[in-house]
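Please read the structure below before turning to the comments.
No value in this document is a laboratory result; all are computed from the given coordinates. All values derive from a computational prediction rather than experimental measurement. Cβ atoms come from the backbone with ideal geometry, glycine included; neighbour counts cover every protein chain shown.
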Amino acid sequence: MDKRNIWVVCDAFDHVDSFTGQLVSKAYQLSKESNGCVQVIFLGNTSEDELKRCALYGADEVVYQHCETKDERLWLDILSDIYSSIGADVIMFTNSDFSKTLSSFFASRFEFGLTADCIDICFEDENGFVFERAAMSDSVQARIICIDSQCCTCTVKKNAFVENVINEVKELSIRKWDYKGSFNTDDTYEVISCVKREIENSADLDNAKIVFGVGRGVKDKETFDLICQAGKKYNAVVVGTKCVVDDGLLPKKYQVGQSGRSIAPDIYIAFGISGANQHLVGIRNSRQIIAVNNNENAPIFNIADVKIVADVKEFIKEFSE
Amino acid sequence: MIKIVVCLKMVPGKLIDAERSGLIINPYDLFVLEKLAKLKKNTDISVIGICMGGESAREGLVRSKALVCDDIYWLNDIKFAQADTIATTKTLSAAIKKYIPDADAVICGGHAIDGETGQVPAELSEKLRITYFSSVTDIESFGHDSAVIVKKDEGHEMTVRCRYPFLLSVDSFLTYASNLNIIALKRAQKWEYKIISSEELGIAQTDCGAAGSKTKVINSVNIIYKKESIEVGGSIKEKADHVKKLLQQ
Ligand SMILES: Cc1cc2nc3c(=O)[nH]c(=O)nc-3n(C[C@H](O)[C@H](O)[C@H](O)COP(=O)(O)OP(=O)(O)OC[C@H]3O[C@@H](n4cnc5c(N)ncnc54)[C@H](O)[C@@H]3O)c2cc1C
């Protein structure tokens, strides 16, 4: 039987980055399990020495196309050209914004199965390649296969795989591609202004042992202030749900959950938080969860270790005594 | 008049509120609808909703209609069910090509909070062969031959003028709908929604729904584990003291 081609598409443009290293390491492992050949597809501008680094992680071959611009449509055309000529059984992309778009374009053009944001990939005799990802607001993990698709494509979450230098010396071949199509990109837009985005930093949360979470059940400033005071006393950082942040009670950098931060303190106390999935995914790694809520059926109690049915205001008044 | 197509998905309401039953407008799509409703007040735009979904999508469509939509195409056929992104894209693109081929802008929410692949917008732009803008956070205005949008990329926020036609993937969302005008809502309830079957759309059965899909979920497991919790009873003082003790350990 012919070897399966396992592609890794590098999008770092001028070097082999560690994200690509992670994908190649996984591809190498899959190649062992599935009798495959690991090919790194490198578009951009770099040196041969840099490309050779792919062998460290287990690549068999690099296909290199020199180009000067990083444009999704151009890359789509080049990738299509390479694919049409050498084919692939699996294609792995990073999940950068660029590669998410590129992979979607590619899958749509060829009508291939595409699994987004994979956290694991395995090869099974009965199912072939199986892709794992989270869905339903990160509350479930799904195992996905491709059906009726010549090639399986996926994007991979950063740090899902470990970059691993193999302990065998591989003979790497570098194939220079000679794309004959146009390198023009069409400019159908004009940038009017561009500002740097401040990445907000909530470093105090990284090492916090105790965290107090505030939800909409905290209805007045007095209750909120009492929670903050208690926070000071116990050396706890105060965070909130999206609703509380939207209401302006806390800055965005202290929002915990799917569209905020994830935390893993020893103790998390949820004050007046209902426990929507989008919040739970951010706190599920807490060692101990204590929840205070006046609704005894609030979903937060499903994942709490300690359940306290009480009015937050009464509770915090007593707690602050 | 600028013609704008909005792709609408209805998702389980319990995903944002455990006590909510039925389907709601995907929060990212809701942001788009509300934004368009604001812009429509002083710009001559026509907004056309397009939704693939069964009967349970009706309430969300009524709200979309009441909010801003001038017209709605409801792709409602059991043969469309269980579509992955490839089959969804094929169905939506077939409908846009057939019914709204002169659309100036197609706007999609960046994610649906159930499937959460975020792939449909880019896939759709490839099928429609129109320019694609991802990570759009805001839409500022619609002009005669272009629109002004705000988008982010790694580390920057850009204001961009884009020429029609284009497709936007919008990365902002709203969890709560603004209050709807009661009269508009009543009118939307009485409106006759065009239901489009696969046959009417002219799409082969093997191109849509489960049969047209290229991926299949073989199983899924819950990853938010339920825990056995200990309930602390007694007076409020006893409850507070219990927590104080835990914190002092
Ligand atoms: C795409 C998307 C991303 C999201 N990302 C996030 C995110 O990152 N983080 C996040 O937190 N949310 C996020 N959300 C929102 C999420 O779905 C919920 O809406 C939100 O977490 C609910 O916040 P809450 O618990 O503060 O409010 P509510 O759901 O309103 O809950 C309030 C709770 O307080 C209780 N309560 C009321 N009064 C009292 C009282 N007097 N004493 C005690 N308890 C009381 C109630 O019983 C209720 O359980 C996201 C939503 C979407 C759609």
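Does the stretch A:240-259 contain at least one residue that is near the ligand (Cβ under 10 Å from one of its atoms), within 23 Å of residue B:235 (Cα to Cα) and under 26 Å from the mean Cα position of the chain (by Cα)? Within the stretch A:240-259 (the criterion being near the ligand (Cβ under 10 Å from one of its atoms), within 23 Å of residue B:235 (Cα to Cα) and under 26 Å from the mean Cα position of the chain (by Cα)), the answer is no, since none of the residues qualifies. Looking across the stretch A:133-168, the residues that are more than 14 Å from residue B:85 (Cβ to Cβ), crowded, with 19+ Cβ neighbours inside 10 Å, more than 8 Å from chain B (Cβ to nearest Cβ) and not aromatic (Phe, Trp, Tyr) come down to A:151, A:156.
Tell me, which residue of the stretch A:301-321 that is near the ligand (Cβ under 7 Å from one of its atoms) and touching a residue at least 24 places away in the same chain (Cβ under 8 Å) is nearest to the chain's Cα centre (by Cα)? Checking each candidate, the answer is A:312. Taking the stretch A:260-290 as the search range and keeping residues that are away from chain B (no Cβ under 12 Å) and more than 7 Å from the ligand (Cβ to nearest atom), which one is farthest from residue A:301 (Cα to Cα)? Looking at the filtered set, the residue picked out is A:261.
The criterion of at least 3 residues that are within 16 Å of the ligand (Cβ to nearest atom) and in contact (Cβ under 8 Å) with a residue 40 or more places away in the chain is met, among strands (runs of 3 or more DSSP E) falling completely within the stretch B:1-67, by B:10-12. If I ask for residues that are assigned to a helix (DSSP H, G or I), within 13 Å of chain B (Cβ to nearest Cβ) and either without any contact (Cβ under 8 Å) to a residue 24 or more places away in the chain or within 14 Å of the ligand (Cβ to nearest atom) (or both), which ones from the stretch A:205-231 would you list? A:226, A:227, A:231, listed by residue number. Residues that are of a type outside the set (Gly, Ala, Ser), closer than 17 Å to residue B:1 by Cβ and either in contact with a Lys or Arg (Cβ under 7 Å, 6 or more places away or on another chain) or buried (at least 20 other Cβ atoms within 10 Å of the Cβ) (or both) occur in the stretch B:52-71; there is at least one.
The residue list B:92, B:124 contains one member that is assigned to a helix (DSSP H, G or I), in contact (Cβ under 8 Å) with a residue 40 or more places away in the chain and away from chain A (no Cβ under 11 Å), which is B:92.
Counting only strands (runs of 3 or more DSSP E) that sit wholly inside the stretch B:133-249, those with at least 3 residues that are more than 7 Å from every other protein chain (Cβ to nearest Cβ) are B:146-153, B:166-170, B:194-196.
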